[in-house]
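To keep things clear, I will list the structure first and then write my remarks on it.
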Amino acid sequence: MDLRRLSGYNLDLCSQVKALKTIISSSEIVNQVLERAKTLDLDNYYIGAGCITQTVWNYISDKPLNYGIKDIDFVYFDEENVDFEAEDRMISAVKQLYSDLDIEIDVKNQARVHLWYKDHFGYSIEPYKSLESSINSWPTTATSIGIRKEFNNEFKVYAPFGLNDLFGMTVRANKVQITKEIYETKVSNWIKKWPNLKVVPWDEN
């Protein structure tokens, strides 16, 4: 199969998900992360955000699939254990699992994001009610995505805004939580790496 023929843009959702699976499976690092994650004692997790989106952008742009990806976002949801120590243990376990991979792994329990968000971003947020509700608030429509590989090797994909902006290389703000400044900083950084992105200005979202 010629992967370069897989666009995904403006196709039906089923075809888009199929194209997404094929592209992600062709990335050695991301596929390793998805495959090994099945060995963790976790049911409620996703690999998501930039590492998924930027793999697709690289594929469409005919760049190496790991180009420009600074880390892998590994998110999970454990509202029964929101203390720092519990998250730190999970961080250690996940990073140990991927210690041989040449990429940073960013592990966060989304059930405790509200505890540190104000210190980091300057304003408070409400606690997320689920892992999916956290993805619903991620900064752009194209990066609001989570994937995991089930034990039957089927992919579970959560993309609340669909996949058309992803395959269309369209950067559009998801204003649920972020500020204009955060959005424009991300845009500025991304456009340097992927100059073919189609950016929707903040005021036009």
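Say we look at region 22-81 and pick out the residues that are among the hydroxyl-bearing types (Ser, Thr, Tyr) and without any contact (Cβ under 8 Å) to a residue 40 or more places away in the chain; which of these is surrounded by the most Cβ atoms within 10 Å (Cβ to Cβ)?
Thr55
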Subset of region 143-166 (residues that are over 17 Å from Lys21 (Cβ atoms) and not aromatic (Phe, Trp, Tyr)): Thr143, Ser144, Pro160, Asp165
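Pick from Ile52, Ile47: which is in a helix (DSSP H, G or I), modelled with pLDDT of 95 or more and in contact with an Asp or Glu (Cβ under 9 Å, 6 or more places away or on another chain)?
Answer to the selection: Ile52.
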Can you find even one residue in region 105-123 that is farther than 24 Å from Pro160 by Cβ and either among the hydrophobic types (A, V, I, L, M, F, W, C) or in contact with a helix residue (DSSP H, G or I) (Cβ under 7 Å, 6 or more places away or on another chain) (or both)? no
Of everything in region 132-149 that's surrounded by fewer than 22 Cβ atoms within 10 Å (Cβ to Cβ) and in a helix (DSSP H, G or I), which residue is farthest from the chain's Cα centre (by Cα)? Ser133
For region 82-99: of the residues being part of a helix (DSSP H, G or I) and among the hydrophobic types (A, V, I, L, M, F, W, C), which is nearest to Pro127 (Cα to Cα)? Phe84
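The values are calculated or read from the model by the stated rules, or taken from the named source; none is laboratory data. Everything numeric here is computed off the predicted structure, so don't read it as measured data. Here Cβ is always computed from backbone atoms with ideal geometry, including for glycine, and neighbour counts include all displayed protein chains.
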